[in-house]
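The next block holds one structure in the form of structure tokens; read it before the comments.
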Amino acid sequence: MFERGFKAWCERLALEKRKELKLRPHDPLGAMSLAQNLGIAICTVENVPNLSDKAKRVLLKEDPDGWSAVTICFNGRKLIILNSAHSVGRQASDLMHELAHHLLGHKQSPVQISQEGLMMLHSYDQQQEAEADWLAGCLLLPREALVSIKRAQVDAAEAAKHYGVSMALLNYRLGVSGVNYQFS
Amino acid sequence: MPELSLELLAKHSVETRAGQGVRETAKEIGISAATLSRVERGNLPDLDTFRRICIWLNVDPGKVLGFQPAAATGPEIGVHFRKGSTVKKETAAALAEMILLAQATMIKQEEV
């Protein structure tokens with residue numbers, strides 16, 4: 001699915017970004033801090049000026065699972081709108097996913113609005129989504145962090161809280177990184 | 001106004017396959033069966049999927065949508081959008097409103 005060397009590059013990038021932010025290889029990397037470091041603005045649905053109550057209701061109450069986050073690019077500037085109906089852990093993961101698209105240099109899909117006022121994208125690039133998911137996972141939980149969790153025998157729930165991620169993501173990363181196997 | 005609405009597209013799809021299975025039809029169109037099912041339930045696909053369905057239905061995509069660019073007067077605006085391969089119509093409308101308003105704010109900030 002991924003090009004040869006992609007996973008190792010993601011791990012290296014996760015460490016480089018920590019170094020830039022003066023963090024240790026196993027320290028948690030906050031998605032908000034990284035966004036700031038990259039010069040990307042963040043807001044939530046509630047902060048979008050003049051957004052109708054109906055749109056807010058649909059996006060946050062009626063269909064909160066229909067979308068996660070949107071990155072808008074304009075003249076080289078980027079704004080990420082997060083779904084505040086989701087948990088803090090989910091928002092961190094979604095934000096990191098959007099930042100991963102930026103770090104990977106993925107081209108945004110042009111937006112089209114139909115006469116009926118509906119937004120459609122040109123395509124949904126599954127390869128780009130998979131790459132962003134993988135990099136986001138590495139940025140939040142690089143191998144060094146996973147090894148550190150296992151070595152110190154930190155309780156999984158406590159570790160997930162410390163890194164600001166869901167238990168599902170922690171367990172997934174422990175599995176796919178081979179760290180679970182290494183410590184079994 | 002478009003001659004064929006997105007709502008009618010779903011109905012048209014069900015009528016055109018006339019009892020043929022979703023899997024078989026989806027294969028013919030070149031999309032997944034799950035995506036075709038969601039479209040037939042009124043969800044909105046991405047444009048590539050939409051165009052494939054229009055070709056299969058032998059209808060002009062432009063007549064259904066009557067597109068206007070989101071940033072007709074300014075530089076092209078792009079989005080990354082984390083979601084599934086289809087989205088509910090009401091959600092697509094709310095997202096369009098949110099994106100256009102956020103875009104307008106970014107343009108205004110640039111002008112200051």
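Computed over protein heavy atoms with a 1.4 Å probe, the carbon and sulfur contribution to the accessible area of the protein assembly as shown reaches 51%.
Among the cysteines of chain A, those with no neighbouring cysteine Cβ under 4.7 Å are A:43, A:73. Computed over the alpha-carbon atoms, the range A:6-143 gives an Rg to Rh ratio of 0.98, Rh here being the Kirkwood radius from the mean inverse distance. Taking every DSSP beta bridge that has both ends in the range A:1-133, the antiparallel portion is near 70%.
With a 1.4 Å probe and every protein chain left in place, work out the accessible area per residue of the protein assembly as shown in Å², rounded to a whole number. Dividing the accessible area of the protein assembly as shown by its residue count gives 50 Å².
Taking all protein chains together and a 1.4 Å probe, the residues B:87, B:22 rank B:22, B:87 from largest to smallest accessible area.
In this Cβ point-charge picture (+1 for Lys and Arg, -1 for Asp and Glu), the range A:6-143 has a dipole of about 560 debye about its Cα centre.
Nearest 10 degrees is fine. How inclined is helix A:126-140 to the longest principal axis of chain A, computing both from alpha carbons? Once rounded, one gets 50 degrees. Shielding value for A:127-137 is 1, the average number of Cβ atoms from other chains within 10 Å of each residue's Cβ. Cross-linked pairs A:19/B:108; A:107/B:89; A:78/B:27; A:7/B:88; A:22/A:78: Cα-Cα separations exceed 29 Å for A:19/B:108; A:78/B:27; A:7/B:88.
Between A and B, buried accessible area from a 1.4 angstrom probe totals roughly 4900 Å², ignoring ligands, DNA and RNA. Accessible area per residue was computed with a 1.4 Å probe on protein heavy atoms; residue A:24 scores about 140 Å².
For the protein assembly as shown, the spherically averaged projection of the C-alpha convex hull amounts to 17.7 nm².
The values are calculated or read from the model by the stated rules, or taken from the named source; none is laboratory data. Just so we're clear, the structure is a prediction, and the values are computed from it rather than from any experiment. Here Cβ is always computed from backbone atoms with ideal geometry, including for glycine, and neighbour counts include all displayed protein chains. Ligands, DNA and RNA are excluded from the accessible area calculation, which covers all protein heavy atoms including side chains. Shrake-Rupley method; radii C 1.70, N 1.55, O 1.52, S 1.80 Å.
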